[in-house]
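These notes concern the structure reproduced below.
What follows is calculated from the coordinates using simple rules that are stated; it is not laboratory data. Computed from a predicted model, the values in this text were never measured in an experiment. Positions of Cβ are generated from backbone atoms using ideal geometry, with glycine treated the same way; all protein chains shown enter the neighbour counts.
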Amino acid sequence: MMQKKRYKNAKKIGIIFGLIILVIILIRIIIQILTFQQDSESIMPSNISSIEDLLKYYDCKDIKVVTSTDEPFRKDIYVTFGRDLLTEERTNQDYYNSIILNITELMNNQSYRFIDSSRELVVAVIIDEKSKKIENIYINGELNYFEKEKSKIQATKFEKEKITEMTIQADEINKFITNNWVAGSVNLGSVESRCDEYDIYFDEGLELKTLGGKVYNLIFTLNYKSEIINNLGVNSSQTDIIEKMGEPTFRYESMIGYKGEECYVFFLNDHVSVYPRAKDYQTDEFLLLLNNFQENKDAKQFVTELSSLWKDYNKFDYDVDYIELEYAIKGICVQFDVGEENGIILYNNYEGHVGKDLTLENLTYDNLPNQVYLHTNEDLVNLREIDRMTIRESYYLEEYITMKDENDYKEEAAGISYRFTENISEKYELIYQYETGKGIRDVKFISKNQTEPNSELIRHKQIYTYGWLNDDEFLYSVKGEGIFCYNASTRKLTAIITGTEEYKINKVIENIIFYDETTLEMK
C-alpha cells in the first residue's frame, strides 16, 4: 500500500473539495426534507410533549386544538401568535418555521391549520402522506409568503453597484467588446488543451470559456506579460490595484473585483478573471415569455422557451421533479422545486425588464410581479467567480490531497483496489470524482507548478483501474472497452488494447501489463 502523506492543510482542503462536489446534492436532499429555514428555536425542549405546551413556549396565547372538519386537515389549532409575520421591514420567518417544524412532529406528520383571528391569519401546513414530509405551507392561501415579502422589501432598498472607470489595455478584451463578445471573433492563438470547460491558450497566457457562442469568462494567467486594465497586470500587487482602481466592489478572501461599463475584472493571486456585462436582454421576447408563464404557470414550457431565446446559460439542471436554469452574466436564475423560491430570481446585475417599463430601479413594494423574487443584495457574476476561484485555488495548492485518497483506502481495506501502482506524478495532481464500487470519472490533470497546461480526460467517463507509469503517462482501463494510456504533457491518448473483457489491471512491471488472468507487452 502506498504510504499516505499528511500535510498541515491536506485534510481541510480535501474536505472542502469533496463538499464542493457534493454540496448541491446535499442541499437538494435537505430541501426535500424541510422546505423552510430553521434557527436555534427549532430545537424542541425535551420536556414538551403537547401542542399547548409547545405554543406556550413560543409565547402564544388563546390556544385551542380541535378536530378539523375540512380536508386534508386533521386538526385546527386556534392561537394568538407571539409575533407578527412582519416587523419593521423584516420577516419573522424563523419564528413561524420553528413552530411549524415542531408542531409537525407532535402531529405525527399529519396536515393541520393554525387560525389566528386577531391577525386574520390562517397558516395551512400540508403533509405528503407517503413521504411524511412537509409538502407546502400556505399563509392566507399564499405559497412562499416569506420569500415574496423579502423580495418586496429588497425592492425598496435596491441600489445599483458602483461602476469603476476602466482603461483597457488588453487587446483581446477590446476586440471582444468591439465584436459584442462573440467567441469566434478574436484570434487568441493556439489551443493547447481543455479543462473545466475552458480552452487553454497556454503560451499566450489565456483561458476562455464560452456559452452559446459568446464569451463567458476570459482568464489571464502568469504567461500573459502585458498590461490588462488600468496599467495593471497578472503580477500587480493588491496595493497597486487599489491605488489605481479605487476601493473594490467585491472582496472575498484574497480576491478583489470591480465592475466597469463593459466588463467585470477580478484580481487574484496568480491570474486575472474577466466577465462581460450583459447588454442585450431581448426585452420584448423575454417579456412575452414571462407574461405567458404568469398566465399558464407552465414552468417546463417557460424554461424550454427561455433557453432557446437565451442560449448563454451557465447552468441548466433538471429532472422529473426540479428545474434550474441560470444566466450569471444576465443576473437571472429560474428555479422550480430547488429551493423555497419557485419562479424567477433576479440579482443586482440584472439589467433587463420585469414588466412593461419596469426594471429593478423602479420596482416598489407593491409592483413586484408574481413569481419574481429578488436577491438584489448579491451579484450573480461575483457569486460564480467565487465558486470558480474556490475550486481553482484548491487545485494549485502545492501539497494538495483530495478525498480520493480516503476513498481508495476504504476500498483497499474492503479487499477492492482500483489503483494498480503506488506511483504518483511529480508534475501533475490527479483530480477526479469517485463512485464507490465503480471507480473514477471526470479526471483532470493539474500542473503542480503551472509550467504545463492543465487538461482533462474527456473520452472515458468511468475508469476501472488506473495508475501512473511515470510523471507524464497515465495508464487506465475501462470495463468492456480496453486499456489506454494518456500522456498529460502531450495530451495524446493511445489505445493499448480494445475489446470486451474486464480489463482489471493488477500491476505493471517494466513494459508488461498484468491484467485479468493474462499479460500484455506495451510497445
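General observations
- Test item: Cα-centred dipole of the chain, Lys/Arg +1 and Asp/Glu -1 on Cβ, debye: 700
- Size of the chain from its Cα atoms: along the principal axes, largest to smallest, the extents are 84, 60, 44 Å.
- C-alpha long axis of helix 380-395 to longest principal axis of the chain, angle in °: 40
- Simple Cβ-charge dipole of the range 40-143, Lys/Arg +1 and Asp/Glu -1, about Cα centre, in debye nearest 20: 280
- Theoretical gain in end-to-end length, N47 to S489 [0.36 nm per residue, Cα-Cα removed]: 152.6 nm
- For the chain, the longest principal axis of the alpha carbon atoms and the long axis of helix 145-157 meet at an angle near 80°.
- Distance (nanometres) between label positions extended 7 Å along Cα→Cβ at K133 and N470: 5.3
- The value for the range 403-521 of Rg(Cα) / (2.2 N^0.38 Å) is 1.00.
- Prolate is the label for the range 144-401. Its Cα gyration tensor axes, ordered a ≥ b ≥ c, give a/c of at least 1.5 and a/b above b/c.
- Near the amide H of E456, within less than 5 Å, lie the amide hydrogens of R194, F445, all on another chain or at least 5 residues away, with H placed in the peptide plane.
- Farthest positive-ward along the range 40-143 dipole, Cα basis, beta-carbon charges - from Y112, G141, T80: Y112
- Counting only alpha carbon atoms, the long axis of helix 299-309 and the longest principal axis of the chain meet at about 50°.
- Considering only V182, S308, T210, and ranking their Cα positions along the charge dipole of the chain that arises from unit charges at the beta-carbon of Lys, Arg, Asp and Glu, the one farthest toward the positive end is T210.
- Euclidean distance of C-alpha centroids, the range 223-283 and the range 186-210, integer Å: 19
- Mean residue ellipticity, 222 nm, helices only, the chain: the sum of -39500 (n - 2.57) across DSSP H runs of n ≥ 4, divided by residue count and rounded to 500, is -7500 deg cm²/dmol.
- Simple spin-label estimate for N377 and L309 in nanometres, 7 Å along Cα-Cβ: 3.0
- Positive contributions from Lys and Arg (+1) and negative ones from Asp and Glu (-1), summed over other residues with Cβ under 12 Å from the Cβ of I228, come out at -1.
- Under Karplus coefficients 6.51, -1.76 and 1.60, residue-wise ³J(HN,Hα) of the range 58-68 in Hz, glycine/proline x: 8, 6, 8, 10, 6, 8, 8, 10, 10, 6, 7
- Scattering curve values for the range 40-143, log₁₀ I(q)/I(0), Debye with Cα scatterers, q = 0.10, 0.15, 0.20 Å⁻¹: -0.25, -0.58, -1.09
- Sequence-distant contacts, meaning Cα pairs under 8 Å at least 6 residues apart, place the relative contact order of the chain at 10 percent.
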